[in-house]
Amino acid sequence: QAEEKWDFVLVSDVHEAGSEKETKRKKFLDELSKKGFTIKKIEDKKLFYGLRAPRQIFQKYQWLLRNPDSRLQDASARHDVPVTTRIRIVNFILQNTVTSDRERLRDLTKKRVFEAAFPLHQKEEVREFLKERWARWRDIFSQQPIEKISLCYARGFEPPLSPCASPCPFLSSKEICEATNTIMCPLCDQKCPFWLLSDTCTYAKVTHMIDNEGTVLFAMFMAIWATVFLELWKRQRATVVTDWDLYRWDEEEEELAMELINNLQHEPQKYQHSYLRSTIILFLVLVMIAVLIGIAHGLVIYRVVATALFTQSDFEFLREQANTMAVMTGAVLHYITIVIMTKVRSETPWALLPSPEKPRTFSQHENSFTIKIFTFQFFTNFSSLIYIAFFLGRINGHPGNYVRIAGRWRLEECHPSGCITDLFIQMAIIMLLKQTISNVMEYLVPWVSHKLHKKWQRPKKRRVMLGEEEEAEDPCKRQWLSNYQLSEVNAFSLFDEFLEMVIQYSFTTIFVAAFPLAPLLALFNNLFEIRLDAIKMMRLRRRIVPRKANDIGIWLQVLEAIGILAVIGNGLVIAITSDFIPMQVYKYTYSPCMTENSTGVDCSTGYINHSLSVFRIQDFEPHTKPGLAPTRLCCRYRDYRNADDYSYTVQFWHIFASRLAFLILFEHAALCVKLIAAWYVPDVPKSVKNEFRVRKHSNLRKEL
């Protein structure tokens with residue numbers, strides 16, 4: 001006997017006869033019956049209602065839209081539509097069917113009249129193909145069958161690149177390692193010793209592996225690559241949607257057609273705009289950003305307090321590595337903050353936040369939703385990184401006049417070899433934790449949930465099968481139960497996958513100058529996560545309601561905005577965070593090459609000594625109690641200040657002006673190159689344009 005085909009299944013608790021919930025359920029099912037739906041009821045611990053839409057609905061759809069799915073049909077099934085199209089149409093009708101009480105399915109679900117509504121995983125050819133060729137770890141290095149999945153999985157891989165190493169030796173790190181007589185000022189106020197600059201030799205070597213002349217070239221290359229990547233994606237998208245006959249598909253027309261199929265008396269919604277709603281949105285977004293900036297300030301306070309506590313620890317290792325330990329634990333705390341705020345975001349009814357234009361289609365609603373959520377998630381992930389990149393060590397004052405939190409804890413300082421390593425450590429820890437713990441939990445939670453749900457259902461299921469022979473023989477029961485036991489999905493289930501990829505893209509572009517390993521980590525993560533998502537979708541989750549789309553919607557504009565932010569961010573990292581500009585100013589203004597007639601001296605010789613200012617020990621603040629004072633009467637600290645009144649030196653203003661000049665030059669050059677690259681690579685391949693031209697010509701010839 002051929003297996004019965006059902007479009008959707010509704011699940012409900014067994015309610016008391018005559019109860020309000022039973023009455024509401026009956027009214028909704030009656031409305032579906034009036035539209036010609038076939039309904040089959042199976043009772044277990046829950047009530048299951050199988051729904052099959054009448055053929056007339058799909059014939060109307062094909063006629064109104066001139067059969068857009070004809071290419072997917074064979075000659076023997078001319079009047080059928082693909083399973084994915086059936087599911088979309090039935091889901092639309094279910095969501096827009098209104099009872100006599102003016103209640104829709106979502107209202108009944110909130111009132112627990114229905115518990116779930118989902119399409120079934122069928123044993124069709126495509127599904128079995130995907131289980132064998134997509135949702136398998138053995139195919140991790142194989143190309144994805146994009147034509148059988150969806151547009152959202154046509155991902156690009158970030159290239160595994162790293163910045164070019166500097167061709168010259170790291171002379172500045174060599175100077176730090178040999179500075180055995182340079183005494184540095186204490187790192188805290190109480191009992192912290194004076195220390196030798198040479199003690200940080202290893203840290204300096206690591207810093208100069210990241211911060212060198214190759215960093216500028218790498219940042220410029222990544223800015224160009226981000227543009228080329230998006231242009232190549234647009235070409236890939238044009239090819240894929242052409243194969244699916246969706247290149248000139250109109251979402252608004254299709255939604256209007258389905259509205260009329262569902263209700264012939266339907267009136268189209270008109271465009272609306274409200275300046276009041278826009279003002280409310282702007283205010284709420286600003287409040288949200290202020291809260292996230294406040295959280296970033298909390299992380300700053302933690303680092304300041306942690307540094308002070310570590311420097312006073314009884315453990316020698318913690319005292320010596322106080323700054324590094326504060327950075328690392330701060331990065332872990334930042335990751336925990338990201339996890340918590342992501343959970344808060346997922347539990348917040350963002351859909352209730354108004355939009356300036358009342359959305360008329362699902363895509364318009366999703367676009368509005370995307371902007372809100374991405375803004376929230378972007379500031380959650382990057383607010384602390386922005387502080388480390390552009391403010392750490394620049395607003396902390398100087399010995400004798402430190403900027404303090406609550407008048408007690410002084411702000412952190414940069415290492416004499418630069419602040420870029422702090423940013424490197426922060427990004428490395430966050431990316432590694434996100435790509436390990438987060439991915440493991442993303443898979444384990446639905447897997448454990450599925451196993452537990454299946455275990456709880458098994459005893460009851462066996463008793464029913466043994467006790468009621470008629471139900472046990474029903475071929476639908478096992479299939480409906482097995483689908484019900486899978487993890488729940490909703491209309492925005494793929495949204496989190498998009499968001500995760502876009503945040504990852506931000507990490508690999510915006511601060512890539514400070515963390516050149518980000519693209520390599522992203523590549524490994526994507527290879528792993530593609531199969532992880534495939535297994536979840538094919539084996540652990542209920543079937544997602546398919547959606548037609550000929551692009552990725554607002555996400556493309558988000559990615560283009562990130563490309564512009566990448567130019568700005570990397571320009572700022574090189575100009576402000578990196579030591580590239582101060583080093584160049586020293587080489588061409590103050591180095592021995594400029595002051596002496598010597599050709600055998602490296603122009604960077606003496607840079608470290610030049611970048612350190614002198615502080616008189618007697619000028620410490622009265623409450624400061626440093627460790628044993630050295631025999632000398634002064635110590636050094638990283639800044640460009642005069643030794644007499646601690647005002648900024650002429651060198652500081654030279655470097656400041658050079659930073660601004662480089663930033664303007666770099667960003668204008670990078671943006672110009674981006675524009676040229678966007679012009680040079682066409683969005684639509686010529687093969688796609690030619691195919692449409694030939695198709696038009698053929699259609700006109702037939703008409704003639």
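For a quick check: with amide H placed at 1.01 Å from N, whose amide H comes under 5 Å from residue 487's, ignoring anything fewer than 5 positions away on the same chain?
Here 541, 542 satisfy the definition.
Keeping the other protein chains in place, figure out the carbon and sulfur percent of the accessible area of segment 239-316, with a 1.4 Å probe.
So the carbon and sulfur contribution to the accessible surface is 63 percent.
Evaluate E = 1/(1 + (r/R0)^6) for residue 490 and residue 523, where r is the Cβ-Cβ distance and R0 equals 30 Å; express this FRET efficiency to the nearest 0.05.
0.50
Go through 258, 325, 441 and list them by solvent-accessible area, largest first, probe radius 1.4 Å.
441, 325, 258
In square angstrom, rounded to the nearest 10, how much accessible surface does residue 61 have for a 1.4 Å probe?
Accessible surface of residue 61 is approximately 0 Å².
With a point put 7 Å past each Cα toward its Cβ, work out how far residue 284 is from residue 115 in nm, to one decimal.
Between residue 284 and residue 115, the simple spin-label model gives 3.2 nm.
Just add up the charged neighbours of residue 701: K/R +1, D/E -1, any other residue whose Cβ is under 15 Å from the Cβ of residue 701.
Taking every Cβ under 15 Å from that of residue 701, the sum is +3.
Using a 1.4 angstrom probe on heavy atoms only, work out the carbon and sulfur share of the accessible area of segment 8-120 in %.
Heavy-atom surface of segment 8-120 belonging to carbon and sulfur, 1.4 Å probe: 47 percent.
Need one value: the accessible area of residue 369 in square angstrom, 1.4 angstrom probe, rounded to the nearest 10.
Only protein atoms counted, so the area is about 30 Å².
Say R0 is 45 Å: what FRET efficiency, to the nearest 0.05, do residue 191 and residue 665 get from their beta-carbon distance?
0.45
For the chain, what does -39500 (n - 2.57) per DSSP helix run (n ≥ 4), summed and divided by total residues, give at 222 nm, in deg cm²/dmol to the nearest 500?
Mean residue ellipticity, 222 nm, calculated: -18000 deg cm²/dmol.
Which residues' amide hydrogens lie under 5 Å from the amide hydrogen of residue 398, considering only partners 5 or more residues apart or on another chain, with H built in the peptide plane?
403
Which residue, 364, 698, 322, has the largest displacement toward the positive end of the dipole of the chain when charges sit on each Cβ (Lys, Arg +1; Asp, Glu -1)?
698
Over the chain, what is the relative contact order in whole percent, taking alpha-carbon pairs under 8 Å and six or more residues apart?
21 percent
Residue by residue through segment 245-256, what is 3J(HN,Hα) from phi via Karplus (6.51 cos²θ - 1.76 cosθ + 1.60, θ = phi - 60°)? Round to whole Hz and write x for glycine and proline.
Those phi angles translate into 6, 10, 4, 10, 5, 10, 5, 4, 4, 5, 5, 5 Hz.
If DNA, RNA and ligands are ignored and the probe is 1.4 Å, what is the ranking of 477, 587, 696 by accessible area, most exposed first?
So the residues, ranked largest to smallest area, are 696, 587, 477.
Using a 1.4 Å probe, what is the accessible area per residue for the chain, in Å²?
Per-residue value: 51 Å².
How do 580, 37 rank by accessible surface area computed with a 1.4 Å probe, from largest to smallest?
From most accessible down to least: 580, 37.
Can you check what the net charge comes to around residue 327, using other residues whose Cβ is under 15 Å from the Cβ of residue 327 (Lys, Arg +1; Asp, Glu -1)?
-3
For a quick check of understanding: with a 1.4 angstrom probe and all protein chains in place, what accessible area in square angstrom does residue 412 have, to the nearest ten?
10 Å²
Just one of [x] 32.7, 113; [y] 57.3, 223; [z] 31.7, 103 is Rg and Dmax of the Cα atoms in Å as worked out from the coordinates here. Which one is it?
Here the calculated entry is [z].
The values are calculated or read from the model by the stated rules, or taken from the named source; none is laboratory data. All values reported here derive from a predicted model rather than from experimental measurement. A quick note on method: Cβ atoms are made from the backbone with ideal geometry, for glycine too, and the neighbour counts reach across all protein chains shown. Accessible surface areas use protein heavy atoms only, side chains included; no ligands, DNA or RNA. Shrake-Rupley method; radii C 1.70, N 1.55, O 1.52, S 1.80 Å.
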